[in-house]
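I have placed the structure first, in the form of structure tokens, so that the comments after it can refer back to it.
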Amino acid sequence: MKRIAFMFPGQGSQAVGMGKAFYEEYAEIKELFNEADELLEPNISQIMFEGPKDRLTETENAQPALLLSSVAVHTLLLKEKIQPVMAVGHSLGEYSALVASGAISFKEALPLVATRGRLMEEAFPKGKGAMAAVLGMSQEDIVQALEELGDDEVVDIANLNCPGQIVISGSKEGIDHASTLLKEKGAKRVLPLNVSGPFHSRLMEAANEQFSKELNKVEFNNASIPVYANVTAEPVTDKDEVKELLIRQLYSPVRFEESIRNMIDQGVDAFVEVGNGKVLSGLVKKIDRKIKTFAVQDSESLNDFISWYREES
């Protein structure tokens, strides 16, 4: 049996029309989307299918939309009796991974991530925070450069995605100054990201107390497969540890590259991106080009993956 790792995308992978093909083709997916619309206000499927893009991009809509689309694809893979041996999610995607592992139910996860999105939006004044991708520079060199910023210019490392791609997060003034500084010190490019806040930085700690209360209302189970946590890049299955790491995840860097390397060390035949987009598959290829990847987001890519999975090794 092939050893498969599932990966679940985070914010930035959303697109208008996401999930619609599966919704129209499979009765169980239509039922899942209808259930989501009952759990959330406003109607999340309408925002996913029709947009507008700006509304879908809002954190409190993007997060449940991405969870829903990932759970839809996971439902179809389960129907084919395809089970991963481990899983990882990128930021918000960690919640999709935990649903797939049985650590949290879909019914509880969906409203939880909508609340998470709202609290993240409210944690820092809109338009005052920013994030940027730094290309072609090491973590050490970035950290060294950030030490030159003023005390009132808050900038942290937010995502360690793959070799040569690290995301920084903080106040808009801090990111603007840091971008100039990093280019002067050798970064190939510094690209502003289309996000609404300084996620995975210490500026998110303001959301911590309220989010902890929301998490404590939710029933967690031990995960049935190891889920590699963003905060530690290590596998976790214990329900109490899962909760603690989800709280820290709000203001800690996403250690994606390290997670993937640790998963490769455990032996996998392929990484499968479960949900919308191909962002994570692209990152894995930059981490290790020899590893096989699939991105399952429509019927064609689903059937391609199933065919490969069923082939005799």
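The values are calculated or read from the model by the stated rules, or taken from the named source; none is laboratory data. If you're wondering where the values come from, they're calculated on a predicted model, not measured in any experiment. Here Cβ is always computed from backbone atoms with ideal geometry, including for glycine, and neighbour counts include all displayed protein chains.
Of everything in segment 280-313 that's among the aliphatic types (A, V, I, L, M) and within 21 Å of Ser13 (Cβ to Cβ), which residue is surrounded by the fewest Cβ atoms within 10 Å (Cβ to Cβ)?
Narrowing segment 280-313 to residues among the aliphatic types (A, V, I, L, M): 280, 283-284, 287, 291, 295-296, 302, 306.
Adding the requirement that they be within 21 Å of Ser13 (Cβ to Cβ) leaves 280, 283-284, 287, 291, 295-296, 302.
Working: Leu280: 28, Leu283: 22, Val284: 24, Ile287: 19, Ile291: 17, Ala295: 24, Val296: 25, Leu302: 19.
Top of the filtered list is Ile291.
Just to verify a result, which residue in segment 81-99, among those that are touching a Lys or Arg at 6+ places or on another chain (Cβ under 9 Å) and not aliphatic (A, V, I, L, M), is surrounded by the most Cβ atoms within 10 Å (Cβ to Cβ)?
Residue satisfying both the conditions and the ranking: Tyr95.
Does Ala97 meet the test of being closer than 25 Å to Ile260 by Cβ, modelled with pLDDT of 95 or more, assigned by TED's automatic domain parsing to the domain that holds Glu41 and not in a helix (DSSP H, G or I)? Steps first, please.
Working: closer than 25 Å to Ile260 by Cβ: yes; modelled with pLDDT of 95 or more: yes; assigned by TED's automatic domain parsing to the domain that holds Glu41: yes; not in a helix (DSSP H, G or I): no.
So Ala97 fails the test.
From the list Gly170, Gly197, Gly164, Gly150, which one is farther than 24 Å from Ser281 by Cβ, in contact (Cβ under 8 Å) with a residue 60 or more places away in the chain and of a type outside the set (Asp, Glu)? Outline the logic, then answer.
Values: Gly170 fails: in contact (Cβ under 8 Å) with a residue 60 or more places away in the chain; Gly164 fails: farther than 24 Å from Ser281 by Cβ; Gly150 fails: in contact (Cβ under 8 Å) with a residue 60 or more places away in the chain.
Exactly one residue qualifies, and that residue is Gly197.
For segment 212-244, which residues satisfy the criterion of being farther than 17 Å from Leu160 by Cα, surrounded by fewer than 22 Cβ atoms within 10 Å (Cβ to Cβ), of a type in the set (A, V, I, L, M, F, W, C) and touching a Ser or Thr at 6+ places or on another chain (Cβ under 8 Å)?
Ile225
Contact list please: Cβ distance under 6 Å, first residue in segment 52-73 and assigned by TED's automatic domain parsing to the domain that holds Leu39, second residue part of a helix (DSSP H, G or I) and aromatic (Phe, Trp, Tyr), pairs at least six apart or on different chains.
Every condition considered, the pairs that remain are Leu67/Tyr95; Val71/Phe106; Ala72/Phe22.
Select from segment 251-279 the residues that are in contact with a helix residue (DSSP H, G or I) (Cβ under 7 Å, 6 or more places away or on another chain) and either over 18 Å from Pro9 (Cβ atoms) or assigned to a helix (DSSP H, G or I) (or both) and write down the one among them that is modelled with the lowest pLDDT. Write out each step before concluding.
Initial filter on segment 251-279 (in contact with a helix residue (DSSP H, G or I) (Cβ under 7 Å, 6 or more places away or on another chain)): 251, 256-257, 260-261, 271-276.
When the remaining residues are screened for being either over 18 Å from Pro9 (Cβ atoms) or assigned to a helix (DSSP H, G or I) (or both), the result is 251, 256-257, 260-261.
Numbers: Tyr251: 95, Phe256: 98, Glu257: 98, Ile260: 98, Arg261: 98.
Among residues in segment 251-279 that are in contact with a helix residue (DSSP H, G or I) (Cβ under 7 Å, 6 or more places away or on another chain) and either over 18 Å from Pro9 (Cβ atoms) or assigned to a helix (DSSP H, G or I) (or both), the one modelled with the lowest pLDDT is Tyr251.
Between a residue in segment 19-39 that is under 20 Å from Pro111 (Cβ atoms) and any residue that is of a type in the set (Gly, Ala, Ser) and outside any helix (DSSP H, G or I), which pairs come within a Cβ distance under 9 Å, given they are 6 or more apart or on different chains?
From residues that are under 20 Å from Pro111 (Cβ atoms), the pairs are Gly19/Gly275; Ile29/Gly19; Phe33/Gly19.
Find the residue count for segment 210-246, including only residues that are within 20 Å of the chain's Cα centre (by Cα) and assigned to a helix (DSSP H, G or I).
Adding up the residues that qualify gives 11.
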